[in-house]
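A.B. asks: Pasting a structure here, questions to come.
The values are calculated or read from the model by the stated rules, or taken from the named source; none is laboratory data. Computed from a prediction, not measured in an experiment: that's the story for all the values here. As a convention, Cβ positions derive from the backbone with ideal geometry for all residues, glycine included, and neighbour counts pool all protein chains shown.
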Amino acid sequence: MITFNCAPSSTSSGNGKARTSYKKSFSIDIHCHVHTEEAAKLAEDAFSPEKEPALRHATMHSNQVNQKQMADLHPKLTQLSERIADMDQMGIDIQAISPSPFQFYYYTEPDLGRILSRTVNENLAAAASKYPDRFVPFGTVPLQDPRLAVEELSYCVKELGMRGIEISSQVNGTELTHAGLEPFWSKVCELEVLLFMHPLGFTEGTRLTDHYFNNIIGNPLESTLAVSHMIFDGVFERHQKLKLCVAHGGGYLPTYARRMDHAHAVRPDCREKIERAPTEYLKQVYFDSVVFDPEHLAHLVRLYGADHVLLGTDYPYDMGEPDPVGLVDRVSSISATEREKIVGGNALRLLGLELND
């Protein structure tokens, strides 16, 4: 048994409550979502389906299925008691709760984006404050305005005690590396925050409309493209302390990255902003375990080490992993020590949670 502390690094949680320690063995789900109803109501006038790739590039049938799913899952996305019951059933001790991907709201005007981010963040912080031994909150920031994003990031960390920030793979159709985010990357490194990247459909998804392909294929493809831009545009070179965990096992990039190395070696247009091989920068990236296959998970561990794989579920959506700990346990090639890292130890380290024997 160990004790761990989910309060922020300062002596206060930012809400007036002193830090508290909890004694238990642990597993940490790095990938799970909460819906903030108040923010959704505030965004109603700014929203239209064509602003979200996941809705724009989908059939009527897929959108109908998603609407029913959202109605069915609303209690799990909003009610903490039902969430905790599900966590207990899945063997999850702690959730790193992050916004629903539909609540990035990057398409809104910056001032509204700031209000929406604050509304979501206050809701997540309140949930963690109510159950501090079960939840660690990940915030959101209005990336459509880098200055406001930095301000909200500081508020999340210094006032709300957050350990992570969830970001999308693009900003309203603009690559993360073309969105003026250098101050944001710098502040993330300064505050030692973990970024969790979660896509919401492929922005150029005209060929991915049928069969829910814009999620099934598009989400991993979107992450692949976003991280590739970050590598080749030098984000990881300039910000070597950046901690980024990518949803859905990192997309397709981790399993075919040597093609990038080959291009870097033979083509000068692939060496414009980085000197080292692309896979060297990929070593700075972390991956969740939402890959549905123990052999795929074993492959990630072989390529990047157990230190770079974190337990995830994508709770409570239908594309999530219902048995996250069981999936790890079915990877026969990892040791008990590696299992402990994946199930909870890596998240504990990256989030800066405190341990006391």
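A.B. asks: Could you please tell me which pairs satisfy a Cβ distance under 7 Å, a separation of 6+ or placement on different chains, a first residue in region 57-76 that is free of Cβ contacts under 8 Å to residues at least 60 places away in the same chain, and a second residue that is surrounded by 13 or more Cβ atoms within 10 Å (Cβ to Cβ) and of a type in the set (Lys, Arg)?
C.D. replies: Every condition considered, no pair remains.
A.B. asks: If you take the residues of region 41-66 that are among the aliphatic types (A, V, I, L, M) and within 18 Å of GLN144 (Cα to Cα), which of them is surrounded by the fewest Cβ atoms within 10 Å (Cβ to Cβ)?
C.D. replies: Looking at residues that are among the aliphatic types (A, V, I, L, M) and within 18 Å of GLN144 (Cα to Cα), I get ALA46.
A.B. asks: Can you pull out the residues in region 284-307 that are under 19 Å from HIS198 (Cα atoms) and either at pLDDT below 95 or more than 14 Å from the chain's Cα centre (by Cα) (or both)?
C.D. replies: The answer is GLN284, VAL291, PHE292, LEU297, LEU300.
A.B. asks: If you scan region 137-193, which residues turn out to be within 16 Å of GLU109 (Cα to Cα), out of contact with any Ser or Thr (no Cβ under 9 Å at 6 or more places or on another chain) and β-branched (Val, Ile, Thr)?
C.D. replies: Listed by number, the residues that qualify are VAL171, THR174.
A.B. asks: Is there any pair linking a residue in region 36-53 that is closer than 12 Å to TYR105 by Cβ to one that is of a type in the set (Val, Ile, Thr) and not in a helix (DSSP H, G or I), with Cβ under 7 Å and at least six apart or on different chains, and which?
C.D. replies: ALA43/THR108; ALA46/THR108
A.B. asks: Scan region 269-286 and give yes if some residue there is closer than 21 Å to LEU225 by Cβ, of a type in the set (Ser, Thr, Tyr) and touching a residue at least 24 places away in the same chain (Cβ under 8 Å), otherwise no.
C.D. replies: yes
A.B. asks: Go through region 182-215 and report how many residues are modelled with pLDDT under 95 and among the aliphatic types (A, V, I, L, M).
C.D. replies: Residues in region 182-215 being modelled with pLDDT under 95 and among the aliphatic types (A, V, I, L, M): 2 in total.
A.B. asks: Quick one: ILE92 ticks every box in (1) under 16 Å from VAL193 (Cβ atoms); (2) not in a helix (DSSP H, G or I) except a single one, so which number is it?
C.D. replies: Going through the list (1) under 16 Å from VAL193 (Cβ atoms); (2) not in a helix (DSSP H, G or I), ILE92 breaks only (1).
A.B. asks: Go through the residues of region 74-85 one by one and say whether even a single one is crowded, with 22+ Cβ neighbours inside 10 Å and charged (D, E, K, R).
C.D. replies: Yes, the conditions are met somewhere in region 74-85.
A.B. asks: Could you run through region 104-123 and say how many residues are free of Cβ contacts under 8 Å to residues at least 40 places away in the same chain and not acidic (Asp, Glu)?
C.D. replies: Number satisfying all stated conditions: 5.
A.B. asks: Quick check: anything in region 250-262 of a type in the set (A, V, I, L, M, F, W, C) and under 23 Å from ARG163 (Cα atoms)?
C.D. replies: no
A.B. asks: Mind checking which residues of region 291-332 are farther than 18 Å from THR255 by Cα, hydroxyl-bearing (Ser, Thr, Tyr) and out of contact with any Cys (no Cβ under 9 Å at 6 or more places or on another chain)?
C.D. replies: Scanning region 291-332 gives TYR317, SER332.
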